[in-house]
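Engineer: Please find one structure pasted underneath; my questions will follow.
The values are calculated or read from the model by the stated rules, or taken from the named source; none is laboratory data. Not measured: the values here are computed from a predicted model. Methodologically, a virtual Cβ is constructed for each residue, glycine included, from the backbone with ideal geometry; neighbour enumeration extends over all protein chains shown.
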Amino acid sequence: MKDESGSNHPVNKRPGKVKCWEAFECNEKECPAYGSRDLGCWLFSGTHCHKKIQGKFLEKMEICLDCGVFHANVDAAATKDTLEAVNKQFKEFGQLVKDRDKELEHIGLELSIGMSEVFEALKKISSGDPSVKIPETSKIELISKLKHIVNMTAENIGEIVDQSHEIAIGLAEHFDVLHRVAKGDLHARATGNSTVELLQALKNETNQMIESISREITVRKHAEEALRASEERYRDLFENTTDLIQMITFDGRFLFVNSAWKNTLGYTEEDVSRLLLWDIIQSDKISHCKNILHRVLNGENIKAVEVTFMAKDGRLVEAEGNMSSFLRDNKPEYARCIFHDISTRKRMEEELRTVSLRDELTGLYNRRGLLTLAEQQLKVADRMKKGMLMLFADLDGMKKINDSLGHQEGDRALIDIAYVLKDTFRGSDIVARVGGDEFVVLALEADKTSCDLLTDNLKENLDLHNRKGERPYSLSLSIGITHYDPENPCSLDELIAGADRLMYEQKKKKIEPVPYSEGL
C-alpha cells in the first residue's frame, strides 16, 4: 500500500511478510486487519485503508495493486483465492445487472403506459371534459400517486364547473329580478334554493333589499301624497287670500308673489321676474326698506311694518304687515312678507282727521268715526264673506274715581284704558270711545271662535297694566261681545246694541267668562 502522501513505503525493499499496520504505523484498531495473523489485508471485508472502509474486492484492487505492503505479502495461493472471489463477484454483478435491466425495462413500460394515460386524461380535462376517471393501480408508486392526483383534479374541476353553471343560472335570475324591479315591478323575487352558499345568500339579500325598497317607496309615496295635498292646501290659501304675500331675497329680488299681490299692484308674472323691490318703493323710502331687510337678515321678526308700493298704473298702495326670515341651516335665506292693503283705511283716516272724528282725550275714534268706518267695514265683510266681532266695554267705578280722586284722575284712567285697547287689538281693527266711560272695538275678519282668545288677551294686558301702575285703584272693564255673521247680516246699530246689552248684564252680575251672543 501507499502511505498518506502517495509514495511507496520503504517496506517494499524488505523481503518476507509485512504487517500493514506496522508498516504504516496505523492506529485504526477498528480495522479487521489490525493485529491479524493473516497478512492479506485486502482479503478482509471492511478493512480500513487510508482511513477509508473498503468493502468489496473490486474496490480494494484499485488501491492494493499499487500498495507496497500488498506486493511484499502477495503469493500464488492468495492471488488464486482473490481471483476466484473476484470471478464470483463478477458473476454476481452480471446477474444483478441483468435483473436490473429487466426491472428497468418493466418500469419503463409501466412508466410509459402510466404517463400516456395521465397525459390523455389531462388532455380531456383541458378540452373541457372533467368526467375523466383513470385506474389508479400501478406498480410504480409515483405513477399511482400521479393518477390519483389527476382523478382528484378532474373531480374538483367537475365540481367547479357544476357550481359555475349554477352560479351563472343564479346570476342570470338575479339580474332578471333586478331588471324587473328597475322597471317598477316590486313584486319580483329571486326564487328557489341553491347549493352554492354564496348564491343562496345573494338571493336572500336581494329579496330583503326589494322588500326594503318596496316599504320605503310605499312610505315615500304616502309622504309625497301628503306633501302634495299640503302644498295644494297652502297654495290655495296663498292664491285666494286677500293678503299680499311676497318672498324676497336680501338683494331685493322677488322669489314668489301671490295672485292678490299681482292683482292689487297690476304687475304680471313676467314683470315680477324683472323687478326689484326698490323699483316699486318710493325713492325716499328705499333706505328705510333696506334697513328693515337688514334687520330681518339678522333674525329679527318685524310686525306692523307699513310700506307704500307703487302700482304699475302709478297708484300708491298703502300696506301693513309682518316680515320674518326663512332659515336654512340656521342661516337666513330670504324674507317672508305678508301685507294687507290699508289704502282705503288710510284714506278714511285722513278724511276722519279732516272732519275731526277723533276723540281729543284718548286719540281714539269718536262715535262719528266709529259709525263711518264700521258701516264701510260691514259692506266689505258682506262682500268678502268675513265675520267680525263687536266689543262694547265700560270702565268700572268711573264715578267713584271722579268723586274721590277728581276728574283729572278720571281722565287719566280713560287714557290708560285707551292705551290697553290699542295694545290688545290689531292696527287694522277700529277702536273708539263712544261715551264718557264707554268704548267700542270692531275686530275685523274674526269669527266667533276668537271670542275667548280676544277677551283673555284683553284681561292679560289689563292686569299687566295694573301691576305697572302706581295708583290707589285697579282698572277693570265690563264687556259684551257680539258676532257679525255675513250669512245672517244685521245693522250696525243692532250689532252695537247687542254688545251693549251683554255688557250691561255682565256689569250687573260681574261674572266671568264674558257673556257671548250667538246672534241678534
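Engineer: G128 is checked against (1) at positive phi; (2) modelled with pLDDT of 75 or more and fails just one. What number does that condition carry?
Structural biologist: (2)
Engineer: Any chance segment 289-297 includes a residue that's more than 30 Å from R367 (Cα to Cα), surrounded by 13 or more Cβ atoms within 10 Å (Cβ to Cβ), in contact (Cβ under 8 Å) with a residue 60 or more places away in the chain and in contact with a Phe, Trp or Tyr (Cβ under 8 Å, 6 or more places away or on another chain)?
Structural biologist: So far as segment 289-297 goes, no, none of its residues is more than 30 Å from R367 (Cα to Cα), surrounded by 13 or more Cβ atoms within 10 Å (Cβ to Cβ), in contact (Cβ under 8 Å) with a residue 60 or more places away in the chain and in contact with a Phe, Trp or Tyr (Cβ under 8 Å, 6 or more places away or on another chain).
Engineer: Is it the case that some residue within segment 394-404 is within 19 Å of L495 (Cα to Cα) and at pLDDT 90 or above?
Structural biologist: Yes - at least one qualifying residue is present in segment 394-404.
Engineer: Taking only segment 455-482 into account, find how many residues are modelled with pLDDT of 90 or more and either surrounded by 15 or more Cβ atoms within 10 Å (Cβ to Cβ) or in a strand (DSSP E or B) (or both).
Structural biologist: Adding up the residues that qualify gives 15.
Engineer: Would you point out the residue of segment 248-288, among those that are outside any strand (DSSP E or B) and among the aliphatic types (A, V, I, L, M), that is surrounded by the fewest Cβ atoms within 10 Å (Cβ to Cβ)?
Structural biologist: The selected residue is I286.
Engineer: Further question: Looking at the structure I just gave you, is D313 assigned to a loop (DSSP other than H, G, I, E, B) and surrounded by fewer than 20 Cβ atoms within 10 Å (Cβ to Cβ)?
Structural biologist: Criteria met by D313.
Engineer: Out of the residues in segment 1-35 meeting the condition of being of a type in the set (K, R) and assigned to a loop (DSSP other than H, G, I, E, B), tell me which one is modelled with the lowest pLDDT.
Structural biologist: Of all residues in segment 1-35, those of a type in the set (K, R) come to 2, 13-14, 17, 19, 29.
Right, trim to assigned to a loop (DSSP other than H, G, I, E, B) and you get 14, 17, 19, 29.
Values: R14: 44, K17: 72, K19: 77, K29: 77.
Checked segment 1-35; the qualifying residue modelled with the lowest pLDDT is R14.
Engineer: Considering only segment 381-399, state which residues are assigned to a helix (DSSP H, G or I) and either in contact with a Leu (Cβ under 8 Å, 6 or more places away or on another chain) or in contact (Cβ under 8 Å) with a residue 24 or more places away in the chain (or both). Let's see the steps before the verdict.
Structural biologist: In the first step, residues of segment 381-399 are kept if they are assigned to a helix (DSSP H, G or I); the result is 381-384, 398-399.
Within segment 381-399, A381, D382, M384, M398 meet the criteria.
Engineer: Separate question: Are any residues in segment 350-371 surrounded by 17 or more Cβ atoms within 10 Å (Cβ to Cβ) and either in a helix (DSSP H, G or I) or touching a residue at least 12 places away in the same chain (Cβ under 8 Å) (or both), and if so, which ones?
Structural biologist: L352, L357, D359, T362, L364, Y365, N366, G369, L370, L371, listed by residue number.
Engineer: Looking at A335, A418, A374, which one is at pLDDT 85 or above, buried (at least 20 other Cβ atoms within 10 Å of the Cβ) and assigned to a helix (DSSP H, G or I)?
Structural biologist: A374
Engineer: Among the numbered criteria (1) touching a helix residue (DSSP H, G or I) at 6+ places or on another chain (Cβ under 6 Å); (2) without any contact (Cβ under 8 Å) to a residue 12 or more places away in the chain; (3) not small (G, A, S), which one does N330 miss?
Structural biologist: Answer for N330: the failing condition is (1).
Engineer: State all residues of segment 116-130 that are surrounded by 12 or more Cβ atoms within 10 Å (Cβ to Cβ) and either in a helix (DSSP H, G or I) or touching a helix residue (DSSP H, G or I) at 6+ places or on another chain (Cβ under 7 Å) (or both); if no residue qualifies, say none.
Structural biologist: Once the filter is applied, which keeps residues that are surrounded by 12 or more Cβ atoms within 10 Å (Cβ to Cβ) and either in a helix (DSSP H, G or I) or touching a helix residue (DSSP H, G or I) at 6+ places or on another chain (Cβ under 7 Å) (or both), segment 116-130 yields E117, V118, E120, A121, L122, K124, I125, P130.
Engineer: OK, next. Let me confirm something: among A432, A446, which residue is touching a residue at least 24 places away in the same chain (Cβ under 8 Å), farther than 15 Å from L364 by Cβ, in the same structural domain as E505 (by TED's automatic domain parsing) and of a type in the set (G, A, S)?
Structural biologist: Testing whether each residue is touching a residue at least 24 places away in the same chain (Cβ under 8 Å), farther than 15 Å from L364 by Cβ, in the same structural domain as E505 (by TED's automatic domain parsing) and of a type in the set (G, A, S) leaves just A446.
Engineer: If you take the residues in segment 85-99 that are surrounded by fewer than 11 Cβ atoms within 10 Å (Cβ to Cβ) and charged (D, E, K, R), which one is modelled with the lowest pLDDT?
Structural biologist: D99
Engineer: Right, here's the next one. The conditions are (1) of a type in the set (A, V, I, L, M); (2) surrounded by 18 or more Cβ atoms within 10 Å (Cβ to Cβ); (3) at pLDDT below 70, and L65 fails exactly one of them. Which is it?
Structural biologist: It is condition (2) that L65 fails.
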